[in-house]
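First up is the structure itself, then whatever we jot down about it.
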Amino acid sequence: MLVKYKNDYEKIAMGLLSFIPDLKDVGHLKTELKMYTEDDSHALYLYKHTNDFVGVVGIELSADFVLVRHLSFSPNFRDQATAFAALTELTELFPNKKLMGALEHAPLIAAFNKFRKEDDHGTDTRAE
């Protein structure tokens, strides 16, 4: 389940974001977290599995799309199924926006979009 970030989750969010190599530096990490809390075009969601937060999804919103800027999971939850579950919930939150990914997430987003298209329509899209 995706849960919108609030200040009570700061330590959890920082811990999950710190798994991202570019965010190992605490100063840079705090700058990114501040952007998500102060800029209306950005949002941060924590991904909850059963009773624990196991991931974080940082997005940038525009009129037409949702750009996944950060996507990080605890080591035990770094699998495609968990990522796809979080992305599915994200598309449900923003049903009229196209899902896109930052450069490092583009292959995962492409695989997810292919999976979603196959799942929704029951067809094999590989021939397209």
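The values are calculated or read from the model by the stated rules, or taken from the named source; none is laboratory data. Note that this is a predicted model, so its numbers are computed, not measured. Counting neighbours? That spans all protein chains shown, and the Cβs are built from the backbone with ideal geometry, glycine included. When the accessible area is computed, the model is the full protein with side chains, heavy atoms only, and any ligands, DNA or RNA have been set aside. Shrake-Rupley method; radii C 1.70, N 1.55, O 1.52, S 1.80 Å.
Data for the structure
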| quantity | calculated |
| --- | --- |
| The stretch 65-72 - phi-based ³J(HN,Hα) in whole Hz, Karplus 6.51/-1.76/1.60, Gly and Pro as x | 9, 10, 9, 7, 8, 10, 8, 8 |
| Gained length - Ser62 relative to Val3, 0.36 nm times residue gap less alpha-carbon distance | 19.2 nm |
| Gained length - Met35 relative to Ala111, 0.36 nm times residue gap less alpha-carbon distance | 24.5 nm |
| Surrounding net charge for Leu71, when Lys and Arg each add one and Asp and Glu each subtract one, Cβ distance under 12 Å | +1 |
| Of all accessible heavy-atom area on the chain, the percent that carbon and sulfur account for (1.4 Å) | 51 percent |
| Low-density loop positions, trypsin sites (Lys or Arg not before Pro), the stretch 25-128 - DSSP coil, at most 14 other Cβ in 10 Å | Arg78, Arg126 |
| Cut-off under 5 Å, modelled amide H: who pairs with Gly55 long-range | Tyr47, Ser74 |
| Separation of the Val26 and Asp52 label points, Cα + 7 Å toward Cβ, nm | 2.4 nm |
| Full-stretch length increase - Phe19, Phe94 - with 0.36 nm per residue and alpha-carbon distance subtracted | 24.4 nm |
